[in-house]
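Single-structure report; data block below.
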Amino acid sequence: MGALIKFSNFVSNTFAIWVLLFAALAFFEPQAFTWIAPYIVPLLGIVMFGMGLTLSANDFKEVFTRPKEVLIGVLAQFLIMPLLAFLLATLLPVSREVALGIILVGCCPGGTASNVMTYLAKGDTVLSVAVTSVSTLLAPILTPALILLLAGKWLSVSAGALFWSIVKVVLIPIILGLIVQMMFQKQVKASVQILPLVSVIAIVAIVAAVVGLNQQAIAKSGFIIFLIVVVHNGLGLLLGYWLAKLLRMSEPKQKAISIEVGMQNSGLGAALATAHFSPLAAVPSAIFSVWHNISGPIVATYFRKKSERQESNNSTIEM
């Protein structure tokens, strides 16, 4: 078990490498990964079930002890990224499917990777977890509503169908995870350390399947989509930080809001696009999944080093 936990930690710490590696393999050998496509939704359900296993009552207590800060994080998540996505999809010359895919990933809740990045950045991890939990639980209502509002002219599916999909792939697995955790606390505590391995395998498989299905489209317009994703992610990180700074939140909270806004649950975007739209609409989510696992560690390292410099300067002044 110890060796498996060590391997799980290693795979989790090198997540970006595995996503990049298998995305590249799927691009050059698409037929080796297209068979995964029918399992994208169940794979994301497994990830969300794992999230439910790791949540505790303390995560939700923060909502009531710090409601203002959690509300700021959730509002920033569901305002900044969707509006940025709409502007990018409207102003740039992209196809209907790509425009829809950009808005789709922008309307998703924050990803669980944001909690790890906030911790590495020496940010307010507890706030990050609370915002991720609340935004994920609100996703069945807010994500379809925002997609309908912002992508109405490209939309060919009802908000009700999207709502039910998110309930099945996000809400039900998380609730089941919470129930299992309450009923089998000792067993869950013993096995929770290998959950990162399961999550990495699932997300890597989703990305590889989407890349394999869209190999030709990515070869044709992948660079443009990549640039849009980089701009979308970068502006989300920046605007989240500036908003928290404008509201005079502390430095650790500024880091948490920045990372929480900039990092999306791109797996959910890929699953929804594959189930309801077209494989091409899932490409922005797949590329986002690759990119934010590169930008996240870069931003976390910058924030951490900034904190270390401030701590060093403060200790020098005190001396």
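At a glance:
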quantity: Entries of Lys189/Lys305; Lys122/Lys186; Lys68/Lys255 with Cα pairs more than 22 Å apart; calculated: Lys189/Lys305; Lys122/Lys186
quantity: At R0 = 25 Å, FRET efficiency that the Cβ-Cβ distance of Phe7 and Gln187 yields, to 0.05; calculated: 0.80
quantity: Sparsely packed trypsin sites (Lys or Arg not before Pro) within the range 218-298, loop by DSSP, other Cβ within 10 Å at most 11; calculated: Arg248
quantity: Whole-angstrom gap from the range 100-161 to the range 11-47, using each part's C-alpha centre; calculated: 21 Å
quantity: Anisotropy class of the range 179-319 from Cα gyration tensor, a/c 1.5 cut; calculated: oblate
quantity: The chain, accessible area per residue, ligands and nucleic acids excluded (1.4 Å, Å²); calculated: 46 Å²
quantity: Alpha-carbon gyration tensor eigenvalues x 5, square-rooted, for the range 122-244, Å; calculated: 29, 20, 20
quantity: Rg over Rh, two decimals, the range 85-159 (C-alpha only, Kirkwood Rh); calculated: 1.08
quantity: Flagged links, alpha-carbon separation over 28 Å, of Lys61/Lys245; Lys168/Lys245; Lys6/Lys253; calculated: Lys168/Lys245; Lys6/Lys253
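The values are calculated or read from the model by the stated rules, or taken from the named source; none is laboratory data. All values reported here derive from a predicted model rather than from experimental measurement. Note: ideal-geometry Cβ built from the backbone for every residue, glycine included; neighbour counts use all protein chains shown. Keep in mind that these areas ignore ligands, DNA and RNA; they rest on the heavy atoms of the full protein, side chains included. Shrake-Rupley method; radii C 1.70, N 1.55, O 1.52, S 1.80 Å.
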